[in-house]
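For reference, the structure discussed in these notes is given below.
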Amino acid sequence: METRGPVLHIVVVGFHHKKGCQVEFSYPPLKPAEGHDSQSLPEEWKYLPFLALPDGAHNYQEDTVFFHLPPRCGDRTTVYGVSCYRQIEAKALKVRQADITRETVQKSVCVLSQLPLYGLLQAKLQLITHAYFEEKDFSQISILKELYDHMNSSLGNTSLEGSQVYLGLSPRDLVLHFRHKVLILFKLILLEKKVLFYISPVNRLVGALMTVLSLFPGMIEHGLTDCSHYRPRKSISEDAGLQENTPHLDDSVSTADTSDTTIGMGKGGRKVAGDHSLDTQKGSMPFSPSEKACNGAQSSNSAVQRLKVPSRASPASSESDWETLDPSILEESNLKEGERENTASEQAENLLSAESLPITVQPQANTGHAVLVPGLISGLEEDQYGMPLAIFTKGYLCLPYMALQQHHLLSDVTVRGFVAGATNILFRQQKHLSDAIVEIEDAHVQIHDPELRKILNPTTADLRFSDYLVKHVTENRDDVFLDGTGWEGDNEKTLSDFGTVFVAAWKNTHNYRVWNSNKHPALAEVNSSHPFQGQYSVSDVKLRLSHSVQNSERGKKIGNVMVSTSRNVVQTGKAVGQSVGGAFTSAKSAVSSWFSTFTQSTQNLGD
């Protein structure tokens, strides 16, 4: 069945007392050759039940999950999932199946979409899930089919430009909660580190994680299309046979036509530096003919072009693949000399053939609308500033929610890094598998490596920026973010304002090299200086002291001691006041009594 819009499938996942989480219904069927009630899953989506019905869901009456699935064919498009979970008492059901043996029934209704409209899909799905449960008869599936038709008709012409992409996300709440640590989170992702977010329930987890990503221009709209390329684990022998399954150079993959962009594509199309880890995926996960009609990414809205991409021989070489770009394109590339450099040159010669597009200047927008063009190296749709950055490409994953069954991905050699969310404490306990753990409940960012902490240490200009940002959202000011800001200073001063060590670390990342490989004339209108540079003042000393106290363990201990001491002083003062007051009153009474006695005795003597 061909898709008629952005929604690929409506799926119901339930919890069986013997089998665990399983798919109970899908429309259209996940496997076209099987029925709507088939529990069979495509190999690429084997984790779907555990993502849609999250770990520990029984502790909550309802919850919402955002998750990402890998594509089911050669196309590079991520599948965006939104799931609404609810549970109901079994005795409340009008029709109770024989396999319902527990007191409660737990199910999730989820939407698999080609568009990252998380909040919009959530709003529609919550209403339908509520109505589906109110039927108290889960065999009534007509409402789910109507949901599929309604979503595809209403979202068919939806643009990814506008506020609806950010529906349900609140950067203001994020800044109020994390305060100056928001900048640290931003830098961690910019440096492509392994970042794990942790909290329960899932809706708080995915909300915070996706809000952080929304701080990157264009990231949610166009930067996540390549963020979920991972291989589901089958067996230990799979890795051993990976090399044998690697496709030859003449193998090809599908990529969506970009004829709707400002640059017209020739009949032969254009060749891009493909994701080499994708070739490994394709080789290790053969598709049956019935599964060729996979995501629908090659369906209603665009034609499909067959492009050749180079390949690697083994997963051991995949680490170098992430940084393999044409040395003639990249400025001061860190590619090693010898065989690796020759390999990169051969790839560039194959990729940048005579029929492909040359390296061009990104056009500037003549209207108020953003002009998006396909990035030559990143494969993402970019604006005139080169945004979004190619962070979630070439093995750097974005998994808003990560099921326990996906735990192996944290140490997979084909995964370069990740921004992932988890609710299971086992993820948080294995600190060696991540660079930073973000505990959302306490707004605590735990960075394990001392060197990384030094790199992320905010400069004075960064602290001013963070302080201004917090005050800006706290006082609910109008958005006059940079009005009246002065610009001055040379390049060395600019680097020191942003952090010389941090800038050097960023220049070693894949996303910087891709961004720097092309010209973006619109940047000429943007001053490269830090918006909060300037001379030091007493307020800067206060900011630095406050930052140190709030972030260092010693500072936290001192702060706790100061609070405790202050509380004790107040309590002791009250007690001392009461004691002194009581003693003074007693003394006063004694003196008065003595004086009265003395006066009486004197009068008696006089008499």
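The values are calculated or read from the model by the stated rules, or taken from the named source; none is laboratory data. Just so we're clear, the structure is a prediction, and the values are computed from it rather than from any experiment. Note: ideal-geometry Cβ built from the backbone for every residue, glycine included; neighbour counts use all protein chains shown. With ligands, DNA and RNA removed, areas are computed over all heavy atoms of the protein, side chains included. Shrake-Rupley method; radii C 1.70, N 1.55, O 1.52, S 1.80 Å.
Some notes on this structure:
- Applying both filters, DSSP loop and at most 15 other Cβ atoms within 10 Å, to the GluC sites (Glu not before Pro) of the stretch 85-158 gives GLU103, GLU135.
- Förster-model FRET efficiency, 56 Å R0, LYS145 and GLN535, C-beta, rounded to 0.05: 0.25
- In this calculation the C-beta distance from SER528 to LEU404 is compared with R0 = 35 Å, giving a FRET efficiency of 0.20.
- Percentage of interatomic Cα-Cα distances in the stretch 386-448 larger than 16 Å: 48 percent
- Charge sum, other residues only, whose C-beta stays under 12 Å from ASN457's C-beta, Lys/Arg counted +1 and Asp/Glu -1: +2
- Shape analysis of the stretch 21-78 places it in the oblate category; the axes a ≥ b ≥ c from the Cα gyration tensor give an a/c of at least 1.5, with a/b not above b/c.
- Rounded, prolate or oblate (a/c below 1.5 giving rounded, otherwise prolate when a/b exceeds b/c) for the stretch 363-475 by Cα gyration tensor: oblate
- Between SER411 and GLU439, the contour length at 0.36 nm per residue exceeds the Cα-Cα span by 8.0 nm.
- With a simple spin-label model that places each label point 7 Å from the Cα along the Cα-to-Cβ direction, the separation between LYS507 and GLN126 comes to 4.7 nm.
- Separation of the alpha carbons by more than 30 angstrom is noted, of LYS145/LYS193; LYS46/LYS94; LYS19/LYS394; LYS394/LYS454; LYS19/LYS193, for LYS145/LYS193; LYS46/LYS94; LYS19/LYS394; LYS19/LYS193.
- Separation in nanometres of the label points that stand 7 Å from Cα toward Cβ, at GLN446 and GLU89: 4.0 nm
- Extension gain, GLN429 to LYS46, is 135.4 nm, computed as 0.36 nm per intervening residue step minus the present C-alpha separation.
- Accessible-area order (highest first, 1.4 angstrom probe) of the listed residues LEU174, LEU404, LEU469: LEU404, LEU469, LEU174
- Spin-label model distance (nm) - SER159 vs HIS177, 7 Å beyond Cα toward Cβ: 3.1 nm
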